[in-house]
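Here's the structure we're looking at; comments come further down.
The values are calculated or read from the model by the stated rules, or taken from the named source; none is laboratory data. All values reported here derive from a predicted model rather than from experimental measurement.
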Amino acid sequence: MDKVVDYLVFEQSQIRAERAHRRSFIIILVLIVALIGTNAGWVYYESGNQDIVTTIEAEQDGSGTNYVSGGDISYGAESQDNNTNESEKR
């Protein structure tokens, strides 16, 4: 059995479907732009940070243990600080 649908009912359903498709398309575009924008924001944020490399050289004269913590050198009980320059001790 074939069902007969009135022309106006068909047109109204087509208009509703077109509106729904248009809204979906706009939402998809907004989400794509938001995705690109947030990724660009993270790239900009991460490019603002610089990697800082600090090299600390220490020598051991003896059998004690040297501990380097945050740039300060703590010599073990058996070792002595042989640095004569005050700036090297920091």
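What is the one condition in (1) modelled with pLDDT of 85 or more; (2) in a loop (DSSP other than H, G, I, E, B); (3) not aliphatic (A, V, I, L, M) that Glu59 does not satisfy?
Status for Glu59: all satisfied but (1).
Assess whether Val9 counts as being of a type in the set (Val, Ile, Thr) and modelled with pLDDT under 60.
no
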